[in-house]
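Following: one structure in structure tokens, then a few remarks.
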Amino acid sequence: MDDLALDRLIAKTLVREYDWDEEDAEEAVVAWRDGGGEGGWDAAAIAEDIHRASEEDED
């Protein structure tokens, strides 16, 4: 799997599992990638990390 495929899978996971808007999910994945995007190839775990980080930003 290449980075683009992983990014799409992460965004789809955010939409399906965390009820994110598709555009917001794509933007969050881009921000994650631009920030160094570590986390291996586990899209579900990465999506969860992004979601948790967004909740912390809201607080």
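The values are calculated or read from the model by the stated rules, or taken from the named source; none is laboratory data. What you see is a predicted model; the values in this text were computed from it and never measured. We place every Cβ from the backbone using ideal geometry, glycine too, and count neighbours over all the protein chains shown.
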Please identify the pairs in which a residue from segment 47-59 that is modelled with pLDDT of 85 or more has its Cβ atom under 6 Å from the Cβ atom of a residue that is part of a helix (DSSP H, G or I), counting only partners at least 6 apart or on another chain.
A47/I10; A47/T13; A47/L14; I50/A28; I50/W32; H51/Y18
Mind counting the residues in segment 18-44 that are at pLDDT 95 or above and charged (D, E, K, R)?
7
Residues (in contact (Cβ under 8 Å) with a residue 24 or more places away in the chain, more than 8 Å from the chain's Cα centre (by Cα) and either farther than 14 Å from S54 by Cα or not in a helix (DSSP H, G or I) (or both)) located in segment 13-36:
E17, W20, R33
Have a look at A11, A5 and point out the one that is more than 19 Å from E58 (Cα to Cα) and surrounded by 15 or more Cβ atoms within 10 Å (Cβ to Cβ).
A11
